[in-house]
Each structure stands twice: as structure tokens, then as C-alpha cells.
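Engineer: Structure in C-alpha cells, see below.
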Amino acid sequence: MKLKLTSIAILTCVISNAQVTYFNDSPNLNNTLFKNKAYDSEKNSSTEGTPYLWNSFISARIEGINTTILLRYNAYKDDMEVKGEDGNAYVIPREEKFSSIKIIPTNEMVVLKKYTDNGQPYEGYLFLITTKNNFSFYKKEKTEFHDFQKARNSYAEDQPARFTALKPRFFIQIKDGEITEFPKNKKKLIEFLPEKKDAIEAYLKKNKVDFSSEKDLKNLINAIG
């Protein structure tokens, strides 16, 4: 007899039993919800910083599933990890049915999207900042790993292995089109949105906009959208 499990039952089972869970999207039950325990091969007791965006697991919901989960975002590996009762973390697979996650404490939406990064296609997690008419505005969080570096001479000091958070980067989408990096300045923004030239110039004339500021860019999008 073929076993059919809903997504709610799958997640509930994973969290309550804290083990790898299988479900039969295929007759052979060979698909894994949480594929592997998450681990950080670069992390050890001497490594400074953290690959995670938050200091601990926080409550979240996957869209369409009522069960609350404990989740953290690995901004180095670009993975979403859920916590089991045994304390171990399990990586959520990058599948459409798990692609929209609400972070409860911050009321943020994290979405799995295909986008263009430095001219190259990529799929990963973006934070949805605002949607206004035909525009969607996203933020990308990223952590970088620096390996241990031995001091070059007796006057310098060893540099420990460390994780450092990079400045957020911003992306924009028009309707259901391609998601691309947000233009870096007024000139590039007008080139990107020539039909909004008058609205952009009028807004920037009245408001000082820092193109590296989430708040400023959000207000700009809401104004011209």
C-alpha cells in the first residue's frame, strides 16, 4: 500500500522524532525532506564569528504549513536549517513547496528564488523587503569565511579563522521578470527604469537617498512603484 503524507505531517514527524524523514512523492519513497544533518566543516573552537544570521534558532513557518518550526539561516552556505528535538540541525531542501518562509519574531519573508548575481544565474534565499505594484525589492544576506593566516614576521600576529558578515546587497524584480541587483546610483536606476525617469528625479530632488541603505531604497521603491 502506498503511503501518502502531507507536508504538515512530514514536518511534524521530523521535528518530533529529530531524524531524517522520507516521504513518497515517488513510489520508492526515495526523497528526503531533511537530507543531512547540518554541520560547519570550517567551524572549530578557535574560529571567530558565526556563519549564521541569528545567534540562535528562531520560530518560523513555511507557507502553507501551520506547524511552527525552529529555524536558522546559514548565510555562509545559503542554507535554511531546522532544529530537531535532539538539538541537531537538518537542512531544508530547495524545493518549491518549502520555498517561502516567514520569520515570526521579525515578520520577515524569506523566499527561495532564481536570480542573476554578477551576471551569473543563481538560486538561493532572498529576504523580501517590499512589494509595490509591479516592483519587488529583495535583500541578500551573506557571511564570508576567512581561513587561519600565519603571521608573516615577528612583528605581526596570527589571524584566526573567522566568519564575517558582509554588507547586505539588494535586488529588484519587475512584475514576474528577472531578479537582478539593484542599480548602484541615480544614473543606473534611470537607465534601468527609463519609464520612471520623472518620478525618480522628483523623488531624489526632495529626498537624500543612500543606495546602500535598505530603508532609503525601500522608501524609494514605495514612492515610484
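The values are calculated or read from the model by the stated rules, or taken from the named source; none is laboratory data. Here the structure is a predicted model, which is why all the values come from computation and not from measurement. Keep in mind that these areas ignore ligands, DNA and RNA; they rest on the heavy atoms of the full protein, side chains included. Shrake-Rupley method; radii C 1.70, N 1.55, O 1.52, S 1.80 Å.
Engineer: In square nanometres, what is one fourth of the surface area of the convex hull spanned by the alpha carbons of the range 41-108?
Structural biologist: Values: hull surface 21.0 nm².
Average of the hull's projected areas for the range 41-108 equals 5.2 nm².
Engineer: According to the Kirkwood expression over distinct Cα-Cα pairs, how big is the hydrodynamic radius of the range 91-225, in Å? Don't skip to the answer; put the middle values down first.
Structural biologist: Working: mean 1/r = 0.0582 Å⁻¹.
Roughly 17.2 Å, rounded to one decimal.
Engineer: Run the 1.4 Å probe and let me know the accessible area of Ile179, rounded to the nearest 10 Å².
Structural biologist: Probe radius 1.4 Å; accessible area of Ile179 about 0 Å².
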